[in-house]
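Okay, so here's the structure we're looking at.
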Amino acid sequence: MSGRVASSAVTLALLTACSSAGSLHEIAIETPLQPKLDVSSFSRILIAGFIAGGSDEVDANRETARLLRSQLRNQSDLRVVEADVMALADMALRKEVGEGFGDAVPLAEPNTITEEQELEEYERVFADIGFWQELGTSYQQPLIVTGTVLFTPHARAGFVTQEQESYDSFGRRRVVPVRAYRERTGYVLSQKFIFIDGRTGATLYTESHREEILYEADQNTPALSSYFELMDRLIPTFLGALSTETIRGTRILLR
């Protein structure tokens, strides 16, 4: 008898024994998860804007800021600051030309950013404590959310295993695995959220995510629809950094 079969047999025997001694009841339980970031000292939150690159079909900076603000209005106790979305990539370029960043190499124009490595060159703006502190003072010292977002087209081709139905001469249905060559296209969303203390300008917390979606070659899905579909996967994690999450499940009790 294999280990898995033996384990199942033992479990079945225990449940049978418990059933004979009493009754089994399923109850709902909730387990709260503490937020990753303590925001109790803030009453306001500012979605400042993002350094964005990738597909020119989607303004990832503005769309990300709009979406996060909308979610926060419905899901957070923090008051969302109404402000224009900042063009941080352009600001980083101007600072590069004007004040400079030490011995840094010149930055590429924002609309040419296609890789995560190119975004990294802009990230020095997040370390400018004076800038973020001054911004925070302008908006009553909120929690500031910024970061980077890269939304790029993606393609993949290769052999995949898929199920195929067949019927024998007696009409009996069979499902067999078949390897087939498929070409799929889609998008990759690489997102970094940076939380900054608007009182001090210091970075409090950073988290990065990468999500990918692929469609069949003959499926024509608009870029903006794909962007929102990928962001739907990230929103719960973003909100979980700010507020308590609850995991719901069930347990079996013997009475």
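Pairing residues of region 217-228 that are under 21 Å from residue 59 (Cβ atoms) with residues that are not polar (S, T, N, Q), at Cβ distances under 6 Å and at least 6 apart in sequence or on separate chains, gives 221/215; 223/57; 223/58; 224/58; 226/187; 226/213; 227/58; 227/151.
Being in contact with a Phe, Trp or Tyr (Cβ under 9 Å, 6 or more places away or on another chain), more than 30 Å from residue 40 (Cα to Cα) and hydrophobic (A, V, I, L, M, F, W, C) is the filter here; which residues of region 213-245 pass it? Answer for region 213-245, where residues must be in contact with a Phe, Trp or Tyr (Cβ under 9 Å, 6 or more places away or on another chain), more than 30 Å from residue 40 (Cα to Cα) and hydrophobic (A, V, I, L, M, F, W, C): 213, 214, 223. Could you say whether any residue in region 196-216 is under 16 Å from residue 238 (Cβ atoms), in contact with a Ser or Thr (Cβ under 7 Å, 6 or more places away or on another chain) and in contact (Cβ under 8 Å) with a residue 60 or more places away in the chain? Yes; the residues of region 196-216 include at least one that is under 16 Å from residue 238 (Cβ atoms), in contact with a Ser or Thr (Cβ under 7 Å, 6 or more places away or on another chain) and in contact (Cβ under 8 Å) with a residue 60 or more places away in the chain.
Restricting attention to region 200-244, the residues that are part of a strand (DSSP E or B) and either modelled with pLDDT of 85 or more or surrounded by 15 or more Cβ atoms within 10 Å (Cβ to Cβ) (or both) add up to 13. Look at (1) assigned to a helix (DSSP H, G or I); (2) within 20 Å of residue 124 (Cα to Cα); (3) at pLDDT 90 or above and you find that residue 68 fails only one, number (2).
Out of contact with any helix residue (DSSP H, G or I) (no Cβ under 7 Å at 6 or more places or on another chain) and either among the hydroxyl-bearing types (Ser, Thr, Tyr) or closer than 15 Å to residue 51 by Cα (or both): does that describe residue 221?
Yes; evaluated as a whole, the condition is true for this residue.
When residues in region 42-53 are screened for being surrounded by fewer than 24 Cβ atoms within 10 Å (Cβ to Cβ) and within 19 Å of residue 210 (Cα to Cα), 1 of them pass.
For region 156-199, enumerate the residues that are aromatic (Phe, Trp, Tyr), in a strand (DSSP E or B) and either more than 24 Å from residue 61 (Cβ to Cβ) or more than 30 Å from the chain's Cα centre (by Cα) (or both).
159, 167, 181
Within region 38-65, being part of a strand (DSSP E or B) and more than 18 Å from residue 236 (Cβ to Cβ) holds for 44, 46, 48, 49, 50, 51, 52, 53, 54. Among the residues of region 44-65, just one is among the hydroxyl-bearing types (Ser, Thr, Tyr) and modelled with pLDDT of 95 or more, namely 64.
It is to be established whether one or more residues within region 129-152 are closer than 30 Å to residue 219 by Cβ, polar (S, T, N, Q) and not in a helix (DSSP H, G or I). Within region 129-152, one or more residues are closer than 30 Å to residue 219 by Cβ, polar (S, T, N, Q) and not in a helix (DSSP H, G or I).
Across region 88-137, the number of residues qualifying as in contact with a Pro (Cβ under 6 Å, 6 or more places away or on another chain) and modelled with pLDDT of 85 or more comes to 0.
The values are calculated or read from the model by the stated rules, or taken from the named source; none is laboratory data. Note that the structure is predicted; figures quoted are calculated from it, not measured. With ideal geometry, Cβ positions are generated from the backbone for all residues, glycine too; neighbour counts draw on all protein chains shown.
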